[in-house]
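The values are calculated or read from the model by the stated rules, or taken from the named source; none is laboratory data. Please read all numbers here as calculations on a predicted model, not as lab measurements. Ideal geometry is used to build each Cβ from the backbone, glycine not excepted, and the neighbour counts take in all protein chains shown. Only protein heavy atoms, including side chains, enter the accessible area calculation; ligands, DNA and RNA are left aside. Shrake-Rupley method; radii C 1.70, N 1.55, O 1.52, S 1.80 Å.
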Amino acid sequence: MKLVEVLDYEALSLHAAAIIANQVRNKPNSVLGLATGSTPLGCYKELVRQHQEEGLDFSQITTFNLDEYYGLAPNHRNSYRHYMNHYFFNHINIDKKRTHIPSGVPQDLIAECRDYDQRASDIGGMDCQILGLGSTGHIAFNEPSPSFEPFTRLVDLDESTIQANGHYFKIENTIPRQAITVGMRFILNSRAILLLVSSDKKAQALERTLNGTVDPMVPASILQLHPNVTVIADKEALSML
Ligand code: PGA
């Protein structure tokens, strides 16, 4: 894994956005794998700026997101579909029909999961996949577990993930405890992976991801097996290395 050390969150966001912008310029019909959470927000903000001020063109781009809360409809203010529209898609010239996010309210859960993997594989996988890192070491919502899970599926969220994401939800008992997440096959099939890690809350998970053994109890450690991973981490995230 290639490690890019940056000073702070601002530098991380600009560096990640520069890589994505290059990808979009070099291959205008790229397939991008996108993540949610607080970490990629600065990257999306910079990409929106480059679209608005420099004409960065997303008209032929296709996107796939990693996950969605189970039970939240696309128009729910805490759904990841709402997050993506609000922070990114509504401000760029992307065709929303080309933006894929698992449905949080599928009629047929098994079919939805199978179809999501099929759509990603039919298109040939992601050209570039953005990932955040959970303090549990999760990537997407693949939480620590006895084995690496290859496929998209419904998962129970770890208590610490529920706590970490809870501040987005005004009423505590509305926080979803389950999500639909892609599995490791979807992630490892990407041609390039960008792992974005900011803040000392992630320092231990990052240390175990980079230096530990490949272990499903630290899900991100599987990235050691991928040939083209760039980790962009700020000083605080690197404090245990
Ligand atoms: P965060 O989450 O960006 O909100 O810290 C990262 C993750 O859980 O993947």
Residue check for Val214: away from the ligand (no atom under 13 Å from the Cβ), under 18 Å from the mean Cα position of the chain (by Cα) and not in a helix (DSSP H, G or I): no
Out of (1) touching a residue at least 24 places away in the same chain (Cβ under 8 Å); (2) open to solvent by 20 Å² or more (accessible area, probe 1.4 Å); (3) closer than 27 Å to Gln60 by Cβ; (4) of a type outside the set (Ser, Thr, Tyr), what's the single condition that is false for Asp127? (2)
Among Ile162, Ile130, Ile110, Ile94, which is the only one that is in a strand (DSSP E or B) and of a type outside the set (S, T, N, Q)? Ile130
For the range 1-22, name all the residues that are assigned to a strand (DSSP E or B) and not aliphatic (A, V, I, L, M). Lys2, Glu5
Scanning the range 206-223 for residues that are open to solvent by less than 10 Å² (accessible area, probe 1.4 Å) and of a type in the set (Gly, Ala, Ser), which turns out farthest from Ser13 (Cα to Cα)? Ser221
Kindly indicate whether any position in the range 51-64 is within 16 Å of the ligand (Cβ to nearest atom), open to solvent by less than 30 Å² (accessible area, probe 1.4 Å), touching a Lys or Arg at 6+ places or on another chain (Cβ under 8 Å) and not small (Gly, Ala, Ser). yes
Determine whether the range 227-236 contains at least one residue that is within 27 Å of Gly71 (Cβ to Cβ), modelled with pLDDT of 95 or more and of a type outside the set (A, V, I, L, M, F, W, C). no
Residue, modelled with the lowest pLDDT, within the range 161-176, restricted to residues that are out of contact with any Gly (no Cβ under 9 Å at 6 or more places or on another chain), more than 12 Å from the ligand (Cβ to nearest atom) and within 11 Å of Tyr69 (Cβ to Cβ): Thr174
Scanning for something touching a Gly at 6+ places or on another chain (Cβ under 7 Å), more than 15 Å from the ligand (Cβ to nearest atom) and more than 12 Å from Gly137 (Cβ to Cβ), does the range 192-203 turn up at least one residue? no
